[in-house]
Each structure stands twice: as C-alpha cells, then as structure tokens.
Amino acid sequence: MDSTTSPQQENDAGGLQVHCFTDVVDELTLHFQIIRLPKQIYAWIGCNSSKMGHLYAAAHTRPSEGVSVSCVLGGSSDNPGAGIARRIVLKSGLNVILASNIPKNSPMIEANAERKMMEKLVQLGYTRPRSEPSSFMINPTAGEIHR
Amino acid sequence: MGSVEQHFPVPHRSFSVEIKGNKTDVVISGYNDHILVIATQIGTMGTMLQARKEEGMTSEPTFHVSVIFGKRDEPMLTACARQLIEHMSSSGSARPLVLSLGLKDHSMETLKGVVSYVLENRIW
C-alpha cells in the first residue's frame with residue numbers, strides 16, 4: 001500500500017497509524033513522531049536533531065493512581081523525557097513508550113515539546129477529554145511541571 | 001508494502017503482514033543514532049531488545065544483544081535481534097538496533113518471518 005506524504009505526514013498504510021510532524025518553537029525545531037498501537041502509544045520527540053535519544057516506558061501502576069516511569073535505554077529519572085512520559089500517561093490514560101533527545105536542564109523546551117505533543121494527541125483523539133482546564137506551575141530550577 | 005517517508009528527518013516504513021496466520025504490524029524507523037523496529041501482533045510493543053556491533057580485537061565483528069524491557073528468558077527473541085544486527089552490519093550500517101517484539105508466539109517460524117519481512121523492507 002502506498003502512503004501519502006505531506007508536511008504533516010500521517011501514514012495509515014499497513015495497520016499502525018504513524019504521525020510525523022515538525023514544529024518550530026522559539027527558533028528551536030522540534031520533531032514529533034507518534035505511533036498508535038491498539039493498547040499503547042510510542043512517541044519520539046527530537047530537538048534540533050534526528051537522534052532517538054533516551055527511551056522511557058511509563059504506565060499507570062495499579063492499585064494506586066500513580067504513574068511509574070522506567071528508563072529503558074539511557075537517560076535517568078531527571079531527564080526531560082521521563083517527566084514528559086509520566087505526564088502524558090496522566091493526561092492520556094494510555095501506556096506510553098517515549099523516546100526523546102531533549103537536553104537536560106531545558107525546562108522551556110520540555111514544556112513546549114510536551115504541550116505540542118499533548119495538542120496533537122488530543123487532536124488525534126488519543127486522550128481522554130478534559131472537563132476543566134488545569135493550572136500548571138513550572139519550577140525552572142528542577143525543570144518540573146507541577147499540577 | 002509501505003513506502004519510505006523521507007521528508008521528515010526520520011525516514012520510516014510501516015506495513016502489515018500475516019505470519020503464521022497472525023496479523024503483524026511492523027514499523028521501521030531510521031533515527032540518526034539508532035534503527036527502531038517494532039513488530040507487534042498483540043497491540044503493544046512487547047519485549048524490547050537492543051543489539052549493537054562491538055569493535056573487537058579480531059577481524060570478525062562481535063555483537064552484543066540484550067533485553068532492555070520485558071521478557072528476559074526468551075532466547076528466540078535474542079536470536080531474532082542478533083540476526084537483524086548481523087544483517088545490518090554486513091550491509092554497512094553501524095547504527096545499533098532497538099527491536100520491539102510483541103508476538104503471540106516465539107516459534108522459529110514466526111521469528112524467521114519477522115526477520116524476513118524486516119529485511120525485505122529495510123531502510124538502512
């Protein structure tokens with residue numbers, strides 16, 4: 001099956017939905033790739049490069065309401081990817097495998113990338129609808145986003 | 001079979017095949033520093049392995065394969081990753097492989113099928 005190409009590529013050929021798009025935020029180029037599996041989401045965020053970066057797995061861990069994140073390949077719990085993966089699970093309710101090469105100590109890049117990713121996930125219908133907006137506070141020192 | 005996407009900086013190929021009667025979705029992505037192969041029959045990424053070529057003292061290349069997420073006691077999955085990294089290396093690619101296998105069975109026939117279809121649609 002042939003796939004179509006466009007600036008915002010959405011390849012539905014062959015079963016899995018693969019969505020690729022690029023955005024420029026604050027003169028930074030962010031690349032996004034989202035692969036929708038029936039019970040999971042794989043996502044990649046590239047910051048000014050096409051390196052895969054570090055890989056994280058995140059999911060709800062029952063019976064608690066919390067989300068656990070595991071560094072699968074490289075990285076550590078204080079890397080941006082770990083935080084983004086955790087918050088995507090919280091907002092989407094899906095299991096997430098996230099690859100990201102966003103550098104450490106870049107809270108604004110992290111926040112912008114996460115926002116763009118969530119916008120796309122909502123647009124694609126992969127997330128639960130939010131009944132009311134939440135307020136976010138960014139801690140620039142730790143690079144954490146608090147609800 | 002799917003065509004290679006090249007406008008986006010990460011080329012990828014996505015397709016679906018039947019292996020031993022099971023629908024198998026495959027996505028191959030070519031990052032700058034890794035090749036990612038996802039082959040799933042169960043709707044999730046399943047067990048994830050990393051395979052890379054190691055520069056050794058001898059002229060023959062050596063490869064390191066390890067499970068980085070999931071089942072660690074399935075030697076056929078490791079063998080599948082090993083086959084793929086050897087093929088990648090022999091075709092000149094130096095990039096490590098991240099292989100994700102979510103399969104209903106780990107028989108030799110299934111894994112040979114996965115290797116065959118991935119090589120048929122390789123992007124390295």
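How many of the residues making up the range A:32-75 are basic (Lys, Arg), part of a loop (DSSP other than H, G, I, E, B) and more than 23 Å from A:Ile109 (Cα to Cα)? Result for the range A:32-75: 2.
Scanning the range B:36-50 for residues that are of a type in the set (A, V, I, L, M) and out of contact with any Phe, Trp or Tyr (no Cβ under 6 Å at 6 or more places or on another chain) yields B:Leu36, B:Val37, B:Ile38, B:Ala39, B:Ile42, B:Met45, B:Leu49. Against the condition at pLDDT below 90 and open to solvent by 30 Å² or more (accessible area, probe 1.4 Å), how does A:Glu144 come out, does it pass? So A:Glu144 passes the test. Here A:Ala82, A:Ala43 are screened, and the one residue that is away from chain B (no Cβ under 12 Å) and touching a residue at least 12 places away in the same chain (Cβ under 8 Å) is A:Ala82. Scanning the range B:5-24 for residues that are open to solvent by less than 10 Å² (accessible area, probe 1.4 Å), out of contact with any Cys (no Cβ under 9 Å at 6 or more places or on another chain) and not β-branched (Val, Ile, Thr) returns B:Ser14, B:Phe15. The set of residues from the range A:28-40 being closer than 13 Å to B:Thr44 by Cα and either more than 7 Å from chain B (Cβ to nearest Cβ) or surrounded by fewer than 24 Cβ atoms within 10 Å (Cβ to Cβ) (or both) comprises A:Arg36, A:Pro38, A:Lys39, A:Gln40. Can you say whether A:Asn139 is of a type outside the set (A, V, I, L, M), open to solvent by 90 Å² or more (accessible area, probe 1.4 Å), modelled with pLDDT under 90 and over 15 Å from the mean Cα position of the chain (by Cα), as far as the supplied structure shows? Judged against the criteria, A:Asn139 is not a match. The test for being polar (S, T, N, Q), more than 8 Å from chain A (Cβ to nearest Cβ) and open to solvent by less than 20 Å² (accessible area, probe 1.4 Å) holds for B:Thr110. Might you let me know whether the range B:38-61 holds any residue that is facing another protein chain (nearest Cβ under 7 Å), in a loop (DSSP other than H, G, I, E, B), of a type outside the set (A, V, I, L, M) and open to solvent by 60 Å² or more (accessible area, probe 1.4 Å)? No, the range B:38-61 contains no residue that is facing another protein chain (nearest Cβ under 7 Å), in a loop (DSSP other than H, G, I, E, B), of a type outside the set (A, V, I, L, M) and open to solvent by 60 Å² or more (accessible area, probe 1.4 Å). You will find that of B:Val27, B:Val65, B:Val115, the residue that is at pLDDT 95 or above, at the interface with another protein chain (Cβ under 9 Å from one of its Cβ atoms) and either buried (at least 16 other Cβ atoms within 10 Å of the Cβ) or assigned to a strand (DSSP E or B) (or both) is B:Val27 and no other.
Within the span defined as the range B:6-26, one or more residues are of a type in the set (A, V, I, L, M) and under 14 Å from the mean Cα position of the chain (by Cα).
Scanning the range B:69-93 for residues that are under 23 Å from B:Ile123 (Cα atoms) and within 14 Å of chain A (Cβ to nearest Cβ) gives a single hit, B:Ala81.
The values are calculated or read from the model by the stated rules, or taken from the named source; none is laboratory data. No experiment lies behind these values; they were computed from the predicted model shown. As a convention, Cβ positions derive from the backbone with ideal geometry for all residues, glycine included, and neighbour counts pool all protein chains shown. Surface areas here come from the heavy atoms of the whole protein model, side chains and all, with no ligands, DNA or RNA. Shrake-Rupley method; radii C 1.70, N 1.55, O 1.52, S 1.80 Å.
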